Each structure stands twice: as C-alpha cells, then as structure tokens.
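> Below are the structure tokens for one structure; questions will follow.
The values are calculated or read from the model by the stated rules, or taken from the named source; none is laboratory data. Keep in mind that what you see is a predicted model, and the values were worked out from it rather than measured. Please note: Cβ atoms are built from the backbone with ideal geometry, for glycine as well, and neighbour counts cover all protein chains shown.
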Amino acid sequence: MTPAQGKNSMNMPNFPKPAPLRANPRTSVGRLHVESEQSLYSVVEFEKAPFQIANFIGGDRAETQILSQDAATGESTQRVTIKKGWSAPIGHFDTDVEIFVLSGEVRQGGFKLRNLSYTYLPAGLATGPWEASEDTVMLFMPDRKPNYLTAPYADLEQIAENSAYHLNTQMNDRMVDYIPCKEINSMNWEQTTFLPAGSARKSLFKCPRTGRATWILGLVPMWIEGNFFAGHPTAEEAYLIRGDVQGHWSMQDDPFNRRYAAMRDNGYYWRPAHIAHGPFWSESGALCLFRTKDRLDCHWALHNPDITQR
Ligand SMILES: [Fe+2]
C-alpha cells in the first residue's frame, strides 16, 4: 500500500467535528484556515467531487478533494485521483499550476511525473500531451481557477516535441520558472534555515522576487524543535507524505490557544500568516511537502515561559 492510499484511513479515530471558523466571513479573505485534528490525522476520507477542467479532464476519470481554497479566485490545493488511461492533448493553463505526484505515474510531454515528483507549470507555457499510465494521486495547486487552452495546438501532431519545442515554451518569458520534473529521490538534502539539527530540506521552487517557495522537509526520528513557537508573515501549508509531526497546533477553531495533536500520513493544514504554532517533535521522523505564499521569516516566542526549564 502506498502512503497516498492512506494506511490509516480504515481506522480513523472519531474526532469531534471542528467548529466553524469564528472570524467574520465578511472580513476574512483568501483561503480559510484549515487545521484540525481531522485534517492533521488524514485527509484521505475528505469529501470527494468530480475533477473537471474543460479540454483537460472530465467525466469519471478523476476526482478531487479540495483541501483548501480561496473561493473567490479558485486558488487552491486539491488532492486529485486520476484513473489509469486518462489522456489530454497539448495545451496550456492560463494560470500557474504546481503539481506534486504522491503515487502513480503521469506523463506530461516527454516528462514522467511519478512517485514523489514535482512540476511547476507557468501560465501560457505549452504542456502535454498528458497520459496517466497508472492510477495516480497528486496534489494539484493552481494560482486561480485554471482554464486549459488547446486551440493554438489543435492542428499539431500529439507528440512531446510539439509542446517542448513550441514557441509558447521556448520563447516564453516565464521559461525561467518552468520546472518540468523534479524527483525528490534524486535530490540532495540541504540545511534548513530556522530549524535545529535533524531537519533538512529539498528545494522544489522559490520565487526570487517574493520568496514564495515549495520544498520537502525531512525530519529524523526523535527530532525536537525546542522550547519555542513561531509565527511568520506568510501563509503556510503542509502535507505529510509519511511519518509523524506532533506538538502544539494552532487549530482553526481556537488558533491562539495551541493544543496537542499528531499529524500523520496524508495529514494536511493551511494556516494564515502570523498564527503562531509549535513547538513540534517527531517520533518516527517525517517527510513533508511545504509551501509558503511569501518569504518565510520566523518570529520566535517562548513556549514554556519558565526559562529555567525546571
Ligand atoms: Fe511555520
């Protein structure tokens, strides 16, 4: 069983349903805070809906679980399951899209996206043809509700060269941001900036202008963060590929009174800026996909104000 299939989905504890957000919805903008015992434990059983993008995917070939979204723009993180045999022609999205494949295999033009691989598709850059050669589970993360335009490529032979060599790709101003495929099992670990020893990261994407970033965080077993919690001036989201992250979470129903929970395989949260969280630890170690909307700076505070630690 792969991590994405959720080994813990069959014995989901009976958590109380999280209370609705208390913030006034008329003054809350962007994505709503998603952080609860349920979401941290596993999103595998979250509500499913058909996944449909005209010219790209439809019918009963795929379903989505919307983990978090800005309802006004469609900016979102979705856990999408695609059936083997799905295909789509060459085209381009009209917004930036990030995809992280949790299991399975999807071909995008000449690139295979499989087990823990990542792609960044800038708006307007030609992609495809697409094909799922296995049942595939992915995180699909568009910057807004995406459209997929195929008309400029309709008379082309549906081969990988006709997207990779297309003027919309090779002469695209956003080519510098394009990441056709990064497989995390081929990448070296790097030192993290803020966390103590036993943590490391593999960088997937970073915008030099805003600091927006996507990366993999690894934690060794028995890693501890220490006596601190932190907030930062950027929203942050994470999906736990495998392992555990335990500690003091800033739940959506009571964000300023952190409480204990354990994040497990396929657990997820999306947290607004400046909602402080932690400290955390891991018993079995962790492999986690992280995204921030802007540059990450940490503002630390003491978790236990007894600084003598007695
Ligand atoms: Fe954080």
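> Residues of the stretch 98-132 being outside any strand (DSSP E or B) and either modelled with pLDDT of 95 or more or touching a Pro at 6+ places or on another chain (Cβ under 9 Å) (or both), which ones?
Selection gives 104, 109, 110, 116, 122, 123, 124, 125, 126, 128, 129.
> So which strands (runs of 3 or more DSSP E) stay within the stretch 237-310 end to end and still have 1 or more residues that are within 12 Å of the ligand (Cβ to nearest atom)?
Values: elements: 245-249, 259-263, 268-271, 286-292, 299-302.
Output list reads 245-249, 268-271, 286-292, 299-302.
> Also: Restricting to the stretch 235-269, name every residue that is touching a residue at least 24 places away in the same chain (Cβ under 8 Å), of a type in the set (S, T, N, Q) and surrounded by fewer than 21 Cβ atoms within 10 Å (Cβ to Cβ).
246
> Scan the stretch 11-30 and give yes if some residue there is at pLDDT 85 or above, touching a helix residue (DSSP H, G or I) at 6+ places or on another chain (Cβ under 9 Å) and crowded, with 19+ Cβ neighbours inside 10 Å, otherwise no.
No; the residues of the stretch 11-30 include none that is at pLDDT 85 or above, touching a helix residue (DSSP H, G or I) at 6+ places or on another chain (Cβ under 9 Å) and crowded, with 19+ Cβ neighbours inside 10 Å.
> Within the set of pairs 6 or more residues apart or between chains, which connect a residue that is over 18 Å from residue 55 (Cβ atoms) inside the stretch 109-129 to a residue that is of a type in the set (Ser, Thr, Tyr) and crowded, with 22+ Cβ neighbours inside 10 Å with Cβ atoms less than 7 Å apart?
Note: pairs meeting the criteria are 113/119.
> Restricting to the stretch 180-221, count the residues that are under 14 Å from the mean Cα position of the chain (by Cα) and hydroxyl-bearing (Ser, Thr, Tyr).
2
> If you don't mind, another one. Looking only at the stretch 205-223, count how many residues are in contact with a Gly (Cβ under 8 Å, 6 or more places away or on another chain) and either of a type in the set (Val, Ile, Thr) or surrounded by 14 or more Cβ atoms within 10 Å (Cβ to Cβ) (or both).
Result for the stretch 205-223: 4.
> Continuing with this model, one more query. With 96, 177, 173 as the choices, which residue is under 30 Å from residue 30 (Cα atoms) and within 15 Å of the chain's Cα centre (by Cα)?
Working: 177 fails: within 15 Å of the chain's Cα centre (by Cα); 173 fails: within 15 Å of the chain's Cα centre (by Cα).
On inspection, the qualifying residue turns out to be 96.
> Go through the stretch 16-75 and give me each residue that's within 20 Å of residue 255 (Cα to Cα), acidic (Asp, Glu) and either assigned to a loop (DSSP other than H, G, I, E, B) or assigned by TED's automatic domain parsing to the domain that holds residue 260 (or both).
If the condition is that a residue be within 20 Å of residue 255 (Cα to Cα), acidic (Asp, Glu) and either assigned to a loop (DSSP other than H, G, I, E, B) or assigned by TED's automatic domain parsing to the domain that holds residue 260 (or both), then 35, 70 are the ones that fit.
> Return the total of residues in the stretch 192-211 being among the small types (Gly, Ala, Ser) and away from the ligand (no atom under 14 Å from the Cβ).
Our first condition is that a residue be among the small types (Gly, Ala, Ser); within the stretch 192-211, this holds for 197-200, 203, 211.
Then drop every residue that is not away from the ligand (no atom under 14 Å from the Cβ), which leaves 197-198, 200, 203.
The total comes to 4.
> For residue 214, state whether it is closer than 30 Å to residue 115 by Cβ, touching a residue at least 40 places away in the same chain (Cβ under 8 Å), within 15 Å of the ligand (Cβ to nearest atom) and outside any strand (DSSP E or B).
Numbers: closer than 30 Å to residue 115 by Cβ: yes; touching a residue at least 40 places away in the same chain (Cβ under 8 Å): yes; within 15 Å of the ligand (Cβ to nearest atom): yes; outside any strand (DSSP E or B): no.
No: the conditions fail for residue 214.
> Which of the residues belonging to the stretch 220-236 are aliphatic (A, V, I, L, M) and within 14 Å of the ligand (Cβ to nearest atom)? Outline the logic, then answer.
Narrowing the stretch 220-236 to residues aliphatic (A, V, I, L, M): 220, 222, 224, 230, 235.
Hits for the stretch 220-236 are 230, 235.
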